[in-house]
1. Inspect segment 88-109 for any residue being touching a strand residue (DSSP E or B) at 6+ places or on another chain (Cβ under 7 Å), touching a residue at least 40 places away in the same chain (Cβ under 8 Å) and over 28 Å from residue 217 (Cα atoms) and give the result as yes or no.
2. Can you find even one residue in segment 170-177 that is under 18 Å from the mean Cα position of the chain (by Cα) and either open to solvent by 40 Å² or more (accessible area, probe 1.4 Å) or over 18 Å from residue 61 (Cα atoms) (or both)?
3. Could we say that residue 60 is open to solvent by less than 10 Å² (accessible area, probe 1.4 Å), modelled with pLDDT of 95 or more and on the phi > 0 side of the Ramachandran plot here?
4. Is it the case that some residue within segment 187-197 is under 16 Å from the mean Cα position of the chain (by Cα) and either among the small types (Gly, Ala, Ser) or open to solvent by less than 20 Å² (accessible area, probe 1.4 Å) (or both)?
5. Can you report the number of residues in segment 201-214 which are surrounded by fewer than 17 Cβ atoms within 10 Å (Cβ to Cβ) and in contact (Cβ under 8 Å) with a residue 60 or more places away in the chain?
6. Please go through segment 57-75 and give me each residue that is assigned to a loop (DSSP other than H, G, I, E, B) and either more than 12 Å from the chain's Cα centre (by Cα) or β-branched (Val, Ile, Thr) (or both), ordered by number.
7. Scan segment 24-37 for residues that are of a type outside the set (D, E, K, R) and out of contact with any Pro (no Cβ under 9 Å at 6 or more places or on another chain) and report the count.
8. Go through segment 38-56 and give me each residue that's part of a loop (DSSP other than H, G, I, E, B) and under 24 Å from residue 21 (Cα atoms).
Amino acid sequence: MSFTQRLRRRLFPPRDAIEGYENEELVDTICRKTAAYQGRANWPLVADLTTVLDFGGGAGVHYKTARQQSPDIRWAVVETPAMVRRAMELATDRLRFFERIEEAADWLGNVDLIHSNGAIQYVPNPVRTIRSLCAVAPAKLIWHRVPISEGEGRREVQTSYLSDNGPGQAPSLAEKLVRYERTWIPEQAFIRAHEGYRMAERSPDPREHGTYQFRFVPD
């Protein structure tokens, strides 16, 4: 974002706001931007993988990059009901959208990877959801942008700009604020939730201050 754009936001903040990830305008914005997105050129993480469960993967933005690395990969996105309904138009024989973790796992069969980027903090109960993901028995789990709390878990209201949601740019979009709740997850609770797995990597995530990235593998 240019200095002029940042200055304009500071001087003339949007007056309108929308609430939560189930908002139809937010969902439509993410889907339209994802449909136009071409993906990055290279993603070594998915090389040689055949099945991925992408928890909170929006309208399939990560699949667009993954298929360039592995054209035959099968990708199941688990998302909110509103996103699943809207993103169905982007589904293919290798990209599907599901509301339930179990349904996504059934479609994939054996799961090579569970991938999640900046999503687990927005569910009502992150620890319970992590346990449900581990029950799928993937070969490994990769987490990005997880807000980790050194003490007790806490909830807060996070605010973003509508145009910042989804990949790429949306220059003609009428700007609004988006508000949603997120959880800062106690680190030990996050780690213990991975029943049957051990933490193989942990490091600060450079994309968002205060968040971490993790890799878990079977014990």
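The values are calculated or read from the model by the stated rules, or taken from the named source; none is laboratory data. Since the structure is predicted, the reported quantities are computational estimates derived from the model, not experimental observations. Here the Cβ positions follow ideal geometry from the backbone for every residue, glycine too, while neighbour counts run over all protein chains shown. Ligands, DNA and RNA are stripped out before the accessible areas are found, and what is left, the full protein with its side chains, is counted by its heavy atoms. Shrake-Rupley method; radii C 1.70, N 1.55, O 1.52, S 1.80 Å.
1. For segment 88-109, residues touching a strand residue (DSSP E or B) at 6+ places or on another chain (Cβ under 7 Å), touching a residue at least 40 places away in the same chain (Cβ under 8 Å) and over 28 Å from residue 217 (Cα atoms): absent.
2. No; the residues of segment 170-177 include none that is under 18 Å from the mean Cα position of the chain (by Cα) and either open to solvent by 40 Å² or more (accessible area, probe 1.4 Å) or over 18 Å from residue 61 (Cα atoms) (or both).
3. Values: open to solvent by less than 10 Å² (accessible area, probe 1.4 Å): yes; modelled with pLDDT of 95 or more: yes; on the phi > 0 side of the Ramachandran plot: yes.
When the stated conditions are applied, residue 60 passes them.
4. From segment 187-197, those under 16 Å from the mean Cα position of the chain (by Cα) are none; that's our starting set.
Among the residues of segment 187-197, not one is under 16 Å from the mean Cα position of the chain (by Cα) and either among the small types (Gly, Ala, Ser) or open to solvent by less than 20 Å² (accessible area, probe 1.4 Å) (or both), which makes the answer no.
5. Within segment 201-214, the first condition is being surrounded by fewer than 17 Cβ atoms within 10 Å (Cβ to Cβ), and the residues that meet it are 201-204, 206-210.
Okay, now just the ones that are also in contact (Cβ under 8 Å) with a residue 60 or more places away in the chain, so 207-208, 210.
Qualifying residue count for the region: 3.
6. 70, 71, 72, 73
7. 5
8. Here is the first cut: in segment 38-56, the residues part of a loop (DSSP other than H, G, I, E, B) are 38-43, 47-50, 56.
Answer for segment 38-56, where residues must be part of a loop (DSSP other than H, G, I, E, B) and under 24 Å from residue 21 (Cα atoms): 38, 39, 56.
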